[in-house]
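A.B. asks: Got a structure for you, questions after.
Values quoted throughout were computed directly from the atomic coordinates according to the rules given, and no laboratory measurement underlies them. Fair warning: this is a prediction, and the values are worked out from it, not measured in the lab. Note that each Cβ is placed from the backbone with ideal geometry, even for glycine, and that neighbours are counted across all protein chains shown.
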Amino acid sequence: MSVTTLGRTPPPAVDEGPPPKRTRHRLSPRARREAMWFYLFVSPWLVGFLVFLLGPMIASVYLSMTEWDTFTEPVWVGFQNYVTLLRHDPVFWKALWNTLYYAAISVPLGLALGLWLANLLNKQVRGQRAFRTLIYLPTLVPLVATAMIFKMVLAPSGPLNQLLGFFGISGPAWLLDSTWVKPALIVLSVWGAGGATVLLLAAMRGIPRELYEAAEVDGAGPIRQFWSITVPQLTPIIFFNLVMGLIGAFQIFSQVYILTKPVGGPNNSSQMMVPLLFNEAFSFYHMGYASAISWLLFAVILVFTLLAFRTTRKWVFYETEVR
């Protein structure tokens, strides 16, 4: 039943008028001064980002659709460079496979070794600080110097093959054999596991001791404590090392450039994406082609990084997170 049938009339609508205009507050002299200093201090980074990162990125998008040798004017070819790479360049697919192979083995191996070393260094033993220093020391050595040392160690008559010969094993020509050159690069990558070890060790030191005491009361042994308490508490650091390791593995360059001659090894068995990009750009002066390779590499890294982030809800645990 409506209100009109009861002899009542609805109250008249109140005209509220137009909505109030938002008044723009003027900054005080102190706030303006603080804003000026903020933009002044941030300007070096902002200029550097625009000139040395964002600008070249935009330019490389254009160059990837041109044919340019750095000496003449770029010639627009559209997506021809991408079509050639994906359909007519077997070296590109070989380099992509080698890079995936290297990342798929070196990154998990480095994480496992870093976790194992961090667990050992977390024990209360004599000389603990000295061992921690020795583990982290290789990461402080420049990569070029490390690669040169490994080049001598992995030589056909180098110390490693001499050690194998002592046990009656004939060592291969590591850097000259298409079968063993990628394992040699993976061994070199594991040499720098000290950085991940330090981060994991710092996270281990922050795990509350009460969790282990409660597990001991329940009868859990050291192995069960490690997998049920230590590893779940370390998953944010493991995830960080995983993402950074993937990005670094896909951008491997110096090791291949120094250890393999010609660059890429025999039959392109160690050719990676960045060395291939370098050769096309600075050996053959195919700058447009190299720009296309760089953007395809960016797409590959982006896909694997997004995949890693999509899996975090299944295995990464945070202290303040409630599920």
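A.B. asks: Of the numbered conditions (1) out of contact with any helix residue (DSSP H, G or I) (no Cβ under 6 Å at 6 or more places or on another chain); (2) closer than 19 Å to residue 113 by Cα, residue 196 satisfies every one except a single condition; which is it?
C.D. replies: Residue 196 satisfies all of (1) out of contact with any helix residue (DSSP H, G or I) (no Cβ under 6 Å at 6 or more places or on another chain); (2) closer than 19 Å to residue 113 by Cα except (1).
A.B. asks: Show the residue pairs meeting these rules: Cβ distance below 6 Å; 6+ apart or different chains; first residue within the range 60-87 and in contact (Cβ under 8 Å) with a residue 40 or more places away in the chain and more than 14 Å from residue 295 (Cα to Cα); second residue surrounded by fewer than 13 Cβ atoms within 10 Å (Cβ to Cβ) and among the hydrophobic types (A, V, I, L, M, F, W, C).
C.D. replies: If the second residue must be surrounded by fewer than 13 Cβ atoms within 10 Å (Cβ to Cβ) and among the hydrophobic types (A, V, I, L, M, F, W, C), the pairs left are 67/75.
Matching residues to (1) touching a residue at least 60 places away in the same chain (Cβ under 8 Å); (2) touching a Cys at 6+ places or on another chain (Cβ under 9 Å); (3) surrounded by fewer than 12 Cβ atoms within 10 Å (Cβ to Cβ); (4) part of a helix (DSSP H, G or I):
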{"position": "164", "(1), (2), (3), (4)": "no, no, no, yes"}
{"position": "200", "(1), (2), (3), (4)": "yes, no, no, yes"}
{"position": "219", "(1), (2), (3), (4)": "no, no, yes, no"}
{"position": "239", "(1), (2), (3), (4)": "yes, no, no, yes"}
{"position": "244", "(1), (2), (3), (4)": "no, no, no, yes"}
{"position": "258", "(1), (2), (3), (4)": "yes, no, no, yes"}
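A.B. asks: Which numbered condition in (1) farther than 17 Å from residue 182 by Cα; (2) free of Cβ contacts under 8 Å to residues at least 24 places away in the same chain; (3) not in a loop (DSSP other than H, G, I, E, B) is the only one that residue 135 fails?
C.D. replies: Failed condition: (2).
A.B. asks: Starting from residues that are small (Gly, Ala, Ser) and assigned to a helix (DSSP H, G or I), keep the ones in the range 85-128 and report whichever is farthest from residue 244 (Cα to Cα).
C.D. replies: 95
A.B. asks: Could you please give the count of residues in the range 93-109 that are in contact (Cβ under 8 Å) with a residue 12 or more places away in the chain and over 13 Å from the mean Cα position of the chain (by Cα)?
C.D. replies: Number satisfying all stated conditions: 9.
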